[in-house]
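Worksheet: the structure to be examined is printed underneath.
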Amino acid sequence: VTAPELEKRVTSAVDAQMALVERFFSDLRVGTRDGEGVTRASYGAGEQLAHDVMRQIAVTNNLEISTDAAGNLYATLPGRDRQAPRWISGSHLDSVPQGGNYDGAAGAIAALAALVALKDLGFQPARDLTAMAIRAEECSSWFSGHHGGHLGSRAALGLLKPDELQTAIHVSTGQTLGQSIAESGFDVEAVRRGPAFLSPRNVQGFIELHIEQGPVLVHDKLSIGIVTSIRGTLRAREACCIGAYSHSGAVPQELRQDAVLAVAELIHRLDEACTRVRSDGNDIVFTVGKIHTDAKVDSLSKVPGEVRFTIDVRSQEIAILTQVSALLDEFSKEIAVKRNVRFELGRRTLSEPTLMDRSWRSHLITGASRLGIVARELPCGAGHDAADFVRAHIPSCMIFVRNTGDSHNPSEHMELSDFRDGLRLLTWFLATVSVREA
Ligand SMILES: [Zn+2]
């Protein structure tokens, strides 16, 4: 087919899938509703329901179905050369507690709807095209203990360390990751053993559509965007400051070991340091998302003897994250001496920023303009499975769809017309990258 003909056919084939897409979102919303939002725990009932809905659509549309040892689901439109490395598109089907219905799910159904649209067009790709529904991307909400995040994609890519199967603990069931995988009916021994299900030898590239988690596209009045890079993170999940409980009236200020004031000073100094980094023109954001005294012991009239807190720092530059990690050590040592407390910052994880593939990014820009969609490039502040594909040396790219609400929140909102623009671009992309013979 000639190029303008392709764009026309892709557009109408995608529009014909919008009923399927709407039904998918509504099945998920009804099936996993929790208060105003939805809850789909990693390796929990909600995530499983979403996988079942996705699998049913793939069965109905005669796509090939498989799962890997960690329970990620694959639906494939077979190519002419079954041995050629395939293209994969997909996203996760779990959510944060009481999150939005589109985070993750939009990218999973987009991948599947794109394949159904291409199949309905009678399109046979040169290589396999696969829609992937990924497990446990939101695992930082569902698994405590030590783990490196993005458990489903990292298991598929061989990046999950065997230790993590024991050290990641499900917050609702108390089971280890290994037990959770086994309990869900998957093969934890095969996850441990390897080899990786996905690798550069059998995957040519990965593309993920995802709802934007910031306000950039709303601000720019654009339906979709193309991601340049994903910020890296520096995280302390289980930081703690130990002081001493004492009477809030009887003990003079200078004799106290006040953990709250010590942590407050640490946060303030880190915030000042991050502000300096930004004013030097560098990229950084800093969050203390959890901070609490022990409700069993604390009291209005006690000097607080213990505070637990988290630290989450993100940047597009690894050097900045390393620098902040060093400042964290320096500041906590100084404050510990000054305030007679002890900091136990716990295990710190550092994940590197990841660059989306330049040539596939520019292919997406070409596609958007051929389809008459105005899109911009933008950096991504949140972690995504696409970053793990990059770490596994599989070229990857991402499409963002405008979010008119908030993220990780019931107020998350996506207009279906915006999603349709993203789906048109994704379908065009998969059609054009898979016509070339291997
Ligand atoms: Zn997500």
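Filtering the stretch 211-225 to residues that are under 14 Å from P379 (Cβ atoms), open to solvent by less than 30 Å² (accessible area, probe 1.4 Å) and among the aliphatic types (A, V, I, L, M) leaves only L217.
Given the condition open to solvent by less than 10 Å² (accessible area, probe 1.4 Å), among the small types (G, A, S) and closer than 26 Å to T176 by Cβ, answer yes or no: does some residue in the stretch 61-80 qualify? Yes. Among all residues of the stretch 363-370, there is at least one that is free of Cβ contacts under 8 Å to residues at least 40 places away in the same chain and in contact with a strand residue (DSSP E or B) (Cβ under 9 Å, 6 or more places away or on another chain).
A quick yes/no check of all residues on (1) open to solvent by 10 Å² or more (accessible area, probe 1.4 Å); (2) closer than 19 Å to N61 by Cα:
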{"residue": "Q83", "(1), (2)": "yes, no"}
{"residue": "Q98", "(1), (2)": "yes, no"}
{"residue": "D103", "(1), (2)": "no, no"}
{"residue": "A108", "(1), (2)": "no, yes"}
{"residue": "P125", "(1), (2)": "no, yes"}
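Residues in the stretch 82-95 that are outside any strand (DSSP E or B) and either near the ligand (Cβ under 9 Å from one of its atoms) or under 17 Å from D27 (Cβ atoms) (or both): L93, D94, S95.
Can you name every residue in the stretch 129-148 that is farther than 30 Å from L63 by Cα and open to solvent by 10 Å² or more (accessible area, probe 1.4 Å)?
The first filter runs over the stretch 129-148 and keeps only residues farther than 30 Å from L63 by Cα, leaving 140-148.
Across the stretch 129-148, the qualifying residues are S140, S141, W142, S144, G145, H146, G148.
How about the stretch 99-148: which of its residues are assigned to a loop (DSSP other than H, G, I, E, B), more than 15 Å from the ligand (Cβ to nearest atom) and touching a residue at least 40 places away in the same chain (Cβ under 8 Å)?
Listed by number, the residues that qualify are L121, F123, Q124, P125, A126, R127, D128, H146, G148.
If you check S434, S417 for being hydroxyl-bearing (S, T, Y) and in contact with a Ser or Thr (Cβ under 9 Å, 6 or more places away or on another chain), only one passes: S417. Using the structure shown, decide if A382 is out of contact with any Gly (no Cβ under 7 Å at 6 or more places or on another chain) and in contact (Cβ under 8 Å) with a residue 24 or more places away in the chain. In short, yes.
Would a scan of the stretch 351-360 turn up a residue that is among the β-branched types (V, I, T), under 13 Å from I230 (Cα atoms) and in contact (Cβ under 8 Å) with a residue 24 or more places away in the chain? The answer is yes; a qualifying residue exists. Residue count for the stretch 239-259 under the criterion of being buried (at least 19 other Cβ atoms within 10 Å of the Cβ) and part of a helix (DSSP H, G or I): the result is 1.
The values are calculated or read from the model by the stated rules, or taken from the named source; none is laboratory data. Bear in mind that the values here come from a model prediction, so they are computed numbers and not experimental data. In this analysis, Cβ positions are derived from the backbone assuming ideal geometry, glycine residues included, and neighbour counts consider all displayed protein chains. Quick note on the areas: whole protein, heavy atoms, side chains included, nothing else; ligands and nucleic acids left out. Shrake-Rupley method; radii C 1.70, N 1.55, O 1.52, S 1.80 Å.
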